[in-house]
């Protein structure tokens, strides 16, 4: 793969990561870590780890992430664990998302497996928490002047 192709792939992964982090933080500021594994991993450039409080939240947050990534042009190559509780994995190619219940996150310790990977600062990625916001993009109305 050429340097130009690698750069393009990395940008696509970062775009998906921005959408995923924003979707996950839309309703609550969950514990999230985005790992940059480009150059260290052959199957993806970024790994997003999201820790939530319950099995219901695992599925709901994973679904919001999947929908947000599809809206920006992503395609889920695989989704595992929906409905089983504790952990959902979504593979977008350039981004792999792990949505865990907090205890499962600690048990599997994906961050520890990638301790040498750079952590990406998420401050600019998170959606502002605002209870007056519409809950999904389908709830939003177009406003024209």
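Values quoted throughout were computed directly from the atomic coordinates according to the rules given, and no laboratory measurement underlies them. Here the structure is a predicted model, which is why all the values come from computation and not from measurement. So basically every Cβ, Gly included, is an ideal-geometry build from the backbone, and we count neighbours across all protein chains shown.
Just a few scattered comments:
- Potential lengthening between residue 41 and residue 115 on full extension [0.36 nm per residue; Cα-Cα distance subtracted]: 25.3 nm
- Simple label model, 7 Å out from Cα along Cβ direction - residue 102 to residue 76, nm: 2.5
- Beta bridge orientation in region 1-110: antiparallel %, DSSP, nearest 5: 65
- Inter-site label distance for residue 63 and residue 29 at 7 Å from Cα along Cβ, in nm: 2.6
- Peptides 19-32, 73-86 ordered by packing proxy, namely the average of other Cβ atoms within 10 Å per residue, highest first: 19-32, 73-86.
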